[in-house]
Amino acid sequence: MKQFVQVNSAAFTTERWYQVGRPALLMGALLLVVLATVPFWSSGLVVDKLTTLFVYILLAVMWNLLAGYAGLVSVGQQAFFGLGAYFALRLVEMGMSPYPAFFVGALGCAVIALFISVFALRFKDGEFAIAMWVTAEVIRILVMFDPIVQGETGTSLLVMNQYEPEFRRNSNFWFGLVAMAGMLGLVLWLINSRIGAAAQAIRDDEEAANSVGIRVMRVKQIIFVVAAFGCALAGAIWLASSVTFQPRTYFGVQWTVFMLFMVLVGGLRTFEGPIIGAIAFFLLQEFLGDYGVWYLSGLGVVAILFALYVPNGIWGELQQRRGLHLLPTGVRLKLMKKD
Amino acid sequence: MMTILSTPVITGSGIDKHYGAFQVLHGVDFSANKGEAVGIVGPNGAGKTTLFGVLAGATAPSAGSVIYQGEDITTTNAAQRCHAGIARTHQVPRPFLGMTVFENLLTAAQNGAGLSGDDAEKYAVHALQQADIAHLANRPTSALGLLDRKRLELARALATAPKVLLLDEIGGGLTEGELHQLIALISELKADGLTIIWIEHILHALLKVIDRLVCMSEGRVIAEGAPSDVMNNPDVMKAYLGSELEKVL
């Protein structure tokens, strides 16, 4: 047990994120409520498109949590995106209803992520990134051995056909909205919590973090598992929308490339950045997606231009140049002046 | 003056450390008693910082053991040792650059001292004031100069509520006035019962605080004892002090 010296500190107050960011939080909550009503007054196409956007936001926010806040740059997050879809498929095959299966499947991914973390988090920097890519490939191959997946052929979540198309579309939308809102809330709380502060300390200097008592492995594991859970939810929502499951598509590295793109464009290490990046990516895909290889080349060019000229991303740049802070993270100290 | 108990609070016995064929420490024996201030001097490359790493748990020794409050902690890591009450500063300051000064200290109070809520905040503010950096509380650490980073380094170690404080060249680069403040602070911490182990090249500052001096050279302890005895040791003069001795004494 530690003995503490007598603390006679001056009077002080602290200002935390939920106090400073109250207007933005209220606006965000209002926006979510409005979004929840979209299926009642908008077309099916808009509902489908927004569901896709929710998946992108989820993926971007998860990758930013991992790489931006904990310094764990992974190029293997497609492992959990694919596993989330696969577990959902398997659970439905075993008789579970689809929507509970999506959630339980994501929980299963979180458990798998905990096991993976035991070896993956022993690697650092580039080695960790590659180890995660290899892990994703190994998982893809293992999934392909499952008879119901039929190797490269894949399978479909046929049970979704039992629902009316409109009901299915709206259910996917609401499930996606709740998953996205829930994960955004969890990440916001996490990055402002003691765990989030410890993760940022590890990102900045792991040895120094250890020397001030931070349990490095445990903190990294928490972040890793939460990020895996979010990616798994995204995979399940994608499966619900597209119905078909092909290992090469779901476990493709392009998913992590998309995450990286969205976070770089939006702003690494900011809460708002990945959301903006996801919207930018979604719009690019909407307007330029039909140009095939030119679209993919364009994405690459945009990523390079941002890396060279806007390294802080859109939101990071706005924060620096305009002093814009919707949801500032961390703690501000206000010491009272002596009379 | 506080009475120094004869029981060592921390002991390193027969510590070897080698990196491949290069041996940095050769069977070093070191101890510090509760409430004692021990200075460590020696030329660059003597193995002083490596010894700190071994005591703090950042560096695993190749051989030997570390005993803290009667328990063998040789295989524990730096975080576990910090929880037990061993804190250190780094020779080159290592702040968490993505945070403010206060957030650095709050993180140390939460994780090192195991405090939460208001208690952690109070403790962080206390450390802020002890190191005289309250005016920098909300400044990003990336914007701090070297001297302020050194103060932060000390404050962050204090925020973990240590019983044993390892200071690695904390006085380097400070002005004479700042050194006086530092000496006053370290003397105060010692009076509070902290065990201080201080590596320092600024000998006049070190000698104002310490009870005992250890001199290392080429990975070995070549002298230890009362500061004046160590200073007058011919081996120490040859290895480290040289003409500096006359200036100090």
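The values are calculated or read from the model by the stated rules, or taken from the named source; none is laboratory data. Since the structure is predicted, the reported quantities are computational estimates derived from the model, not experimental observations. No Cβ is skipped: glycine too gets one built from the backbone with ideal geometry, and neighbour counts run over all protein chains shown.
Values computed for the structure shown
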| item | result |
| --- | --- |
| A:Leu72, sole failed condition from (1) away from every other protein chain (no Cβ under 14 Å); (2) part of a helix (DSSP H, G or I); (3) at pLDDT 95 or above | (2) |
| Qualifying residue in segment A:316-325 (condition: more than 14 Å from chain B (Cβ to nearest Cβ) and in contact with a Leu (Cβ under 9 Å, 6 or more places away or on another chain)) | yes |
| Matching option when the condition is at pLDDT 95 or above, closer than 18 Å to B:Phe52 by Cα and of a type in the set (D, E, K, R), among B:Lys163, B:Lys150 | B:Lys163 |
| Criterion violated by A:Asn64 - all others in (1) away from chain B (no Cβ under 14 Å); (2) modelled with pLDDT of 95 or more satisfied | (1) |
| Restricting segment B:56-78 to residues that are surrounded by 18 or more Cβ atoms within 10 Å (Cβ to Cβ) and in contact (Cβ under 8 Å) with a residue 60 or more places away in the chain, the residue that is nearest to the other protein chains (Cβ to nearest Cβ) | B:Ala56 |
| Every residue from segment B:156-201 that is within 14 Å of chain A (Cβ to nearest Cβ), on the phi > 0 side of the Ramachandran plot and surrounded by fewer than 21 Cβ atoms within 10 Å (Cβ to Cβ) | B:Gly193 |
| Leading residue by the ranking (farthest from the chain's Cα centre (by Cα)) among those in segment B:80-97 that are surrounded by fewer than 22 Cβ atoms within 10 Å (Cβ to Cβ) and within 7 Å of chain A (Cβ to nearest Cβ) | B:Leu97 |
| So B:Gly70, is it of a type outside the set (Val, Ile, Thr), closer than 30 Å to A:Pro328 by Cβ and at pLDDT below 95 | no |
| Pairs with Cβ under 7 Å, 6+ apart, first in segment A:237-250 and closer than 15 Å to A:Leu58 by Cβ, second hydroxyl-bearing (Ser, Thr, Tyr) and buried (at least 20 other Cβ atoms within 10 Å of the Cβ) | A:Ile237/A:Thr51; A:Ser241/A:Thr51 |
| Subset of segment B:34-67 [of a type outside the set (A, V, I, L, M, F, W, C) and under 23 Å from B:Ala191 (Cβ atoms)] | B:Lys34, B:Gly35, B:Glu36, B:Gly39 |
| Residues within segment B:131-149 that are within 14 Å of another protein chain (Cβ to nearest Cβ) and either in a helix (DSSP H, G or I) or within 16 Å of B:His201 (Cα to Cα) (or both), tallied | 7 |
| Options A:Gly182, A:Gly213; residue that is modelled with pLDDT of 95 or more and at positive phi | A:Gly213 |
| Residue ID - nearest to B:Asn33 (Cα to Cα), chosen from residues in segment B:99-113 that are within 7 Å of another protein chain (Cβ to nearest Cβ) and either polar (S, T, N, Q) or surrounded by fewer than 19 Cβ atoms within 10 Å (Cβ to Cβ) (or both) | B:Asn111 |
| Residue in segment A:246-263 that is under 30 Å from B:Arg156 (Cβ atoms), more than 14 Å from every other protein chain (Cβ to nearest Cβ), buried (at least 19 other Cβ atoms within 10 Å of the Cβ) and not small (Gly, Ala, Ser) present | yes |
| Residue in segment B:12-27 that is over 15 Å from the mean Cα position of the chain (by Cα) and assigned to a loop (DSSP other than H, G, I, E, B) present | yes |
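Yes or no, residue by residue, for (1) more than 30 Å from A:Glu206 (Cβ to Cβ); (2) in a loop (DSSP other than H, G, I, E, B):
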position	(1), (2)
A:Ala60	no, no
A:Gly95	yes, yes
A:Val104	yes, no
A:Leu114	no, no
